[in-house]
Amino acid sequence: MHVAYSPSAVPARAPRALTALARDSGAQTSLRRTPVKVLKLNSRDLQWLPALADLLIDSVHQGASLGFLAPLSRYAALDYWHGVYAKLGQHHSLWIASEDEGHGPLQGAVQLSLCPQANAHHRGEVQRLMVHSHERGRGIASQLMSRVECEAISQGRHLLVLDAPADSQAEAVYQHLGWQRAGEIPDYMSCAEGRLHSSALMYKRLPGR
């Protein structure tokens, strides 16, 4: 499992007034922008590949733990997304967030993998939640996760799992969205810079049982 919500672009030690100004500016900007729409892609939606590559590169270079090390080349990013497109179908789905009824810039993405084993038809795995560094603070992660949960419920799944860097902003985001921590594995994965860190295993029970 590889899921991450990238850290904020505002440095942790930035002056409080500067941080507040950045937050207020973002809020004012979002008020002037069109609503975000969440779309489910299929294997024919190849027009999104360049933007998806940009999103992955942005997330990795901002420190997200997504299974890649920085710097991430565009070739490697496109190769990854071609692999995702090849899996899209009954058990794997890709959702994106975009403005202007899906015709605007790509702002985020998330994947849902439904376990195909006969003894695990009740669960699914959330993979690689990403929100572009210029679009954070608009509730995009929440909208993407909400849509994924609705999709899982419609497919008869009532348990979702994921992992996130332990004690990170990513874990805090998931806890805010109702996820619970099941445990922690030390030195589970490398961050984008190559340092080993612990991973929190998380789950969420959905309505339906």
- Query: Within the range 60-75, whose backbone N sits under 15 Å from a point 7 Å along Cα→Cβ of Lys87?
  - Reply: 66-68
- Message: For the pair Asn42/Ser190, report the inter-label distance in nm, with labels modelled 7 Å from Cα in the Cβ direction.
- Response: 3.9
- Check: C-alpha center the range 142-161 vs C-alpha center the range 181-195, spacing in Å is 25
- Query: Looking at the square roots a ≥ b ≥ c of the eigenvalues of the Cα gyration tensor of the range 31-157, which shape do they give, rounded for a/c under 1.5, prolate if a/b is larger than b/c, or oblate?
  - Reply: oblate
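Any read-out appearing in this document is the output of simple, stated calculations on the displayed coordinates, not a laboratory observation. These numbers were taken from a predicted model, which means no experiment stands behind them. A quick note on method: Cβ atoms are made from the backbone with ideal geometry, for glycine too, and the neighbour counts reach across all protein chains shown.
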